[in-house]
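Working notes, structure below.
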Amino acid sequence: MDAVQKTMSVFSLDLGPLKEPLGFIRILEWVFTIFAFATTGGYSGKTHFTVTCGQEVKDVEPVFNYPFRLSDHPYKIPLCNGSTSNNTYLQGDFSSSSEFFVCVGVFGFLYCTATLILYLGYQNVYRQTSRGPIIDLLLTAAFAFLWLVSSSAWGKGLTDVKYATNPEHLMNSCNNLTCKAAEYPSMGRLNASVIFGFLNLILWAGNCWFIYKETPFHKDPNPPAIIEEGGAPGP
């Protein structure tokens, strides 16, 4: 209880850091991180092709969703004799890359939230010692690396998802039936997620420089001149 009261006693809200690159870029990271994992998690889509039996056209609409374990989604292809085929499955499991990407986004969001509270409410504590900026620099650099890896992996995974759900590819399972590709899955939201991932990479990597300037490793190129007591400044 005493620790909580002591912590609250040093809290002092100051929006000044938001006008500096350190706080402003962190706000951008917070926003783009939300966009990155929100456009991936919760996605649901469907692909569409048709089976022609004489004058009758029958629709087949396989569905898929996050985390893109495509083999979990069976669908049936209607046969021209009035029956339906056994369950047919979309092929591929791309959950590892998509879940890794969303995980990096969620933890990045939590870290941005925590550091924004630190910047705006505990700026004096943050700059009181060199430990805070150094830890911040290391974690920000780690997240920049994670954004690089996760965005690259998810970009490759998304390419595979597009191929596996392409109606022209799915027509191979029609055998002797007359099939035709129809509506393609809407992938705009997933394309945006990859873009947001690489934008986060740029933001987090660029922010390392401004955090580095807060650490003792950065030396001021123009240190103030020191005037000895009782002396006069040089010409």
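Side notes on the structure shown:
- Inter-residue pairs, beta-carbon under 7 Å, first in contact (Cβ under 8 Å) with a residue 40 or more places away in the chain and more than 18 Å from Cys112 (Cα to Cα) and in segment 144-162, second outside any helix (DSSP H, G or I) and open to solvent by less than 10 Å² (accessible area, probe 1.4 Å), 6+ apart: Val161/Phe68
- Any hit, segment 128-142, residues being closer than 20 Å to Pro17 by Cα, open to solvent by less than 40 Å² (accessible area, probe 1.4 Å), assigned to a helix (DSSP H, G or I) and among the polar types (S, T, N, Q): yes
- Answer from Asn166, Asn191 - the residue that is under 30 Å from Thr52 (Cβ atoms) and either in contact with an Asp or Glu (Cβ under 9 Å, 6 or more places away or on another chain) or not acidic (Asp, Glu) (or both): Asn166
- Test result for Ser44, at pLDDT 85 or above and either touching a strand residue (DSSP E or B) at 6+ places or on another chain (Cβ under 7 Å) or over 29 Å from Lys162 (Cα atoms) (or both): yes
- Considering residues of segment 22-41 that are open to solvent by 60 Å² or more (accessible area, probe 1.4 Å) and more than 30 Å from Val63 (Cα to Cα) only, the residue modelled with the lowest pLDDT: Phe24
- Within segment 112-124, considering residues that are open to solvent by less than 40 Å² (accessible area, probe 1.4 Å), among the hydroxyl-bearing types (Ser, Thr, Tyr) and part of a helix (DSSP H, G or I), the one nearest to Ser193 (Cα to Cα): Thr115
- Sole exception among (1) in contact (Cβ under 8 Å) with a residue 60 or more places away in the chain; (2) among the small types (Gly, Ala, Ser); (3) more than 30 Å from Leu148 (Cα to Cα) for Gly105, by number: (3)
- Restricting segment 57-98 to residues that are of a type in the set (D, E, K, R), in a strand (DSSP E or B) and open to solvent by 70 Å² or more (accessible area, probe 1.4 Å), the residue that is nearest to Leu177 (Cα to Cα): Asp59
- Test result for Trp154, crowded, with 20+ Cβ neighbours inside 10 Å, farther than 29 Å from Lys19 by Cβ and under 15 Å from the mean Cα position of the chain (by Cα): yes
- Any hit, segment 91-108, residues being in contact with a Leu (Cβ under 9 Å, 6 or more places away or on another chain) and of a type in the set (D, E, K, R): yes
- Whichever residue in segment 153-184 is touching a Leu at 6+ places or on another chain (Cβ under 9 Å) and not in a helix (DSSP H, G or I) and, among such residues, is farthest from Phe196 (Cα to Cα): Leu177
The values are calculated or read from the model by the stated rules, or taken from the named source; none is laboratory data. This structure is a prediction, so every number in the text was calculated from the model and none was measured. In this analysis, Cβ positions are derived from the backbone assuming ideal geometry, glycine residues included, and neighbour counts consider all displayed protein chains. Heavy atoms of the whole protein, side chains included, go into the accessibility calculation; ligands, DNA and RNA do not. Shrake-Rupley method; radii C 1.70, N 1.55, O 1.52, S 1.80 Å.
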